[in-house]
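This report refers to the structure that appears directly beneath it.
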Amino acid sequence: MQHRLLDIVQQTPDNDLARTRLLTLLDPTGAAPTAVAQQLNQQITLLTSPGYRALLADNPAQTLRAVKCPVLALGGARDVQVNATTNLAAIQKGLTASGNHNVTVRELPGLNHLFQTSSTGSPAEYGRIEETFAPAALQAIGDWLVKTTK
C-alpha cells in the first residue's frame, strides 16, 4: 500500500489529481466514517505537501558522493521507519564511491529511530520511553569524535 501511495505522488505532479487518486485508493467506496475521512485527508495533505514531494525527489546517493569530510552514520537496529542495515550500507556505498574512506557506519542494537532503547521500535513507544537518547549512542558518537579529531 505504501508503495502504491508513493507511486501516485511521484507520478502525479498535479496536487488536485494526486489527492483524488490517493483518496480513491485509501477510501474506494467513499464511505469512510467522518473521523477516518479526516485522518485520510490529513495523510493525503502530508503526502502531497511540497516538503514531502521534495523528500521523494531527493537523490541521496548523488549528495553523498560530494561529501569528503569524515562521517559517522548510525542507525538503530530496532528502527522500523528507516531500516538501519539497508540504509547504512547505502550510505557507506554512496560516501566511498567518490573516494571518501573516512567513513564509519554502526548499527546500534536495541535502539529505535530516535536512538532510544526500545522493545519494539514502534513509533507508538516514543512517548512512553523515558530515555531521551541512549547512552550507547552518545558513547558511539563520543568515541568517534575522540578517534577522529585526535
Report, ordered by the first and then the second residue, all pairs with beta carbons closer than 6 Å, sequence separation of six or more or different chains, a first member in segment 115-144 that is under 15 Å from residue 77 (Cβ atoms), and a second member that is aromatic (Phe, Trp, Tyr) and assigned to a loop (DSSP other than H, G, I, E, B). 115/133; 134/115; 137/115
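What number of residues in segment 112-130 are part of a loop (DSSP other than H, G, I, E, B) and loosely packed, with under 13 Cβ neighbours inside 10 Å?
Let us first name the residues in segment 112-130 that are part of a loop (DSSP other than H, G, I, E, B), namely 112-116, 118-122, 129-130.
Then keep just the ones that are loosely packed, with under 13 Cβ neighbours inside 10 Å; that gives 119-120, 130.
Here the count works out to 3.
Is it fair to say residue 85 is among the β-branched types (Val, Ile, Thr), outside the structural domain of residue 15 (by TED's automatic domain parsing) and surrounded by 15 or more Cβ atoms within 10 Å (Cβ to Cβ)?
Details: among the β-branched types (Val, Ile, Thr): yes; outside the structural domain of residue 15 (by TED's automatic domain parsing): yes; surrounded by 15 or more Cβ atoms within 10 Å (Cβ to Cβ): no.
No: the conditions fail for residue 85.
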Give the residues of segment 47-63 that are at pLDDT 95 or above and surrounded by 10 or more Cβ atoms within 10 Å (Cβ to Cβ), sorted by residue number. 47, 48, 49, 52, 53
Test for residue 92: is it at pLDDT below 95, within 30 Å of residue 140 (Cβ to Cβ) and not β-branched (Val, Ile, Thr): no
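How many of the residues making up segment 131-144 are of a type in the set (Asp, Glu) and either within 18 Å of the chain's Cα centre (by Cα) or in a loop (DSSP other than H, G, I, E, B) (or both)?
The total comes to 1.
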Selected residue [surrounded by 14 or more Cβ atoms within 10 Å (Cβ to Cβ) and of a type in the set (Ser, Thr, Tyr)] from 148, 104: 104
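The values are calculated or read from the model by the stated rules, or taken from the named source; none is laboratory data. What you are looking at is a predicted structure, and each value in this text was computed from that prediction instead of being measured. Note that each Cβ is placed from the backbone with ideal geometry, even for glycine, and that neighbours are counted across all protein chains shown.
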